[in-house]
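Okay, structure first, notes after.
The values are calculated or read from the model by the stated rules, or taken from the named source; none is laboratory data. Note that the coordinates shown come from a computational prediction; the quantities given were computed from them, not determined experimentally. When we count neighbours, we look across all protein chains shown, and the Cβ atoms used for this are built from the backbone with ideal geometry, even at glycine. SASA here: full protein model, heavy atoms, side chains in, ligands and nucleic acids out. Shrake-Rupley method; radii C 1.70, N 1.55, O 1.52, S 1.80 Å.
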Amino acid sequence: MGRNSRRATQAGINQAEQALKRKVWTKQRLATEVGCGSNTISNFFNGTKIENRFFKGICTALDLEEQKIVDLSEDAEPKLDDDRQARAPFAHPFQTIIDNKTKDFVGREYVFDAIAKFINSKTNGYFTIIGDPGMGKSTILAKYVQDSGCVAHFNVENDGENRADQFLESICKQLIKQYQLSYSLALPADAKSDGVFLKKLLDEVAIKRNGKPVVIAVDALDEVDQSSQTNKNANILYFPRYLPSGIYFVTTVRRGVDVPLVTDAAQQIFNLMDYQSESHEDVCTYIRNRVNSSDKLRQWIQSQKLTEQNFIDEIAARSENNFMYLYYVLYGIEEDIYPDLNLDSLPLGLQQYYQFHWQKMGMNDIPRSNVKINVMYHLAESRQPISCQLISEYIGETPLKVQDVLKAWLQFLHKRTIEGEVCYSIYHPDFWRFLHKHETIEAARVSIPKINKQKSDNLWEAMFGDE
């Protein structure tokens, strides 16, 4: 967890235990007061590092003085050479993604502990986090990058940021910057064509690392466009088969997706599905934190004549430990998207939620709304952020009608400003997969080839006119 975490001394732990007894609290009660999972509390009392905010929360709840119980040997401000492996400070190229993913982050200490244990026990290697869509793989990796400051690359299929050359350029430039290697950021011509230049940089970084581990985090290997690699026998993204000592890759991949990786380095697969109880605790903490910070959620809970704990328990159960489900459902309640919604009508799991919203938005109504369907599928097929104006030109509808559709689906979209123009893309690749399921396409009576031809024809006309 790096410098954004700390642990208590043994004397401090003893003081905390005495404070618990004085208040006649259980550790579960303490977790509720702090707003964290019980595994965080267990880690605190076991002398393991926890996030600073939870450490502060425990001290506040137990009326302890933070500076008197913190392990100062772990908290002292380190020199650059010792802490950041002679790395120069720099603005992370994926800072927007990191900030977005780590908003309202909770828990996951068991994942970070496993990564730390792997790095501390192996000479080098590949640590891979796997899980279903929406379980928080990308968020976990973003938090790890935020706390550690390591080199990282996020593959985003929906934005077209998922090619091998993009990965190689991104990682090579970050390594040169962070470790002050004697290369220009204008990379050699062949640096993005295969993994040879990357291997060379890793060898040099291994020499300069001062005995500290060097971690490269890579998100969403399942979203990589493998056709972008000229060598079809190479590892995914040209990952090296042989790693220098002290070099580690921490990656994520969707469960059930095999990616090519042959290596002589150590490997560990960390399956989030094997940690259901820990995930459930984090889910409950996330919901509790959202409720505590949202007047709209609390008002809705009161209007339904529920207790907050009933709400938390029911939403957590229906989420199936899926954070993307929680994001959509809580957003829907806060924005009153479904006025007649109650707990009994909530769908079970992420896929059913997609279908639920699809029906609520009238996508299967007769007569069909061609505007709604065309907007969503042109957006899905663009694979790049696209403006309302451009969508309206593609489908021959007014920007106002297009904007109304985008507003209804806003919780599923990523909105950003590019060159002064507001653009939209599909927020999560799993929703893109839902749109492309056979039964969804069949129900919507959509022709994907026809949509792509229409896009191509419009692009041709824009470039060459009616010739």
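Restricting attention to the range 307-333, the residues that are within 12 Å of VAL291 (Cα to Cα) and modelled with pLDDT under 90 total 2. Being touching a helix residue (DSSP H, G or I) at 6+ places or on another chain (Cβ under 6 Å), under 30 Å from ILE140 (Cβ atoms) and of a type in the set (Asp, Glu) holds for only one residue in GLU223, GLU204, GLU169, and it is GLU223.
Might you check whether a residue that is over 18 Å from the mean Cα position of the chain (by Cα), closer than 27 Å to ARG53 by Cα and part of a helix (DSSP H, G or I) occurs anywhere in the range 318-327? No, the range 318-327 has no match at all. Being under 15 Å from TYR424 (Cβ atoms), at pLDDT 75 or above, open to solvent by 50 Å² or more (accessible area, probe 1.4 Å) and not hydrophobic (A, V, I, L, M, F, W, C) is the filter here, so list the residues in the range 375-396 that pass it. Once the filter is applied, which keeps residues that are under 15 Å from TYR424 (Cβ atoms), at pLDDT 75 or above, open to solvent by 50 Å² or more (accessible area, probe 1.4 Å) and not hydrophobic (A, V, I, L, M, F, W, C), the range 375-396 yields GLN389, GLU393. Looking only at residues in the range 54-81 that are basic (Lys, Arg) and at pLDDT 50 or above, the one that is farthest from GLN18 (Cα to Cα) is LYS56. Quick one: which residue in ALA191, ALA186 is free of Cβ contacts under 8 Å to residues at least 40 places away in the same chain, touching a Leu at 6+ places or on another chain (Cβ under 8 Å) and assigned to a loop (DSSP other than H, G, I, E, B)? Going through ALA191, ALA186 in turn, just one is free of Cβ contacts under 8 Å to residues at least 40 places away in the same chain, touching a Leu at 6+ places or on another chain (Cβ under 8 Å) and assigned to a loop (DSSP other than H, G, I, E, B): ALA191. Looking only at residues of the range 105-141 that are assigned to a loop (DSSP other than H, G, I, E, B) and of a type in the set (Val, Ile, Thr), we find that the one that is farthest from SER42 (Cα to Cα) is THR123. Within the range 181-228, how many residues are within 17 Å of PRO240 (Cα to Cα) and of a type in the set (Asp, Glu)? Result for the range 181-228: 5.
What are the residues in the range 135-155 that are over 20 Å from ASN52 (Cβ atoms), of a type in the set (Gly, Ala, Ser) and open to solvent by less than 10 Å² (accessible area, probe 1.4 Å), if any? Result: ALA152, single match. Within the range 150-169, at least one residue is closer than 30 Å to VAL283 by Cβ, without any contact (Cβ under 8 Å) to a residue 12 or more places away in the chain and in a strand (DSSP E or B).
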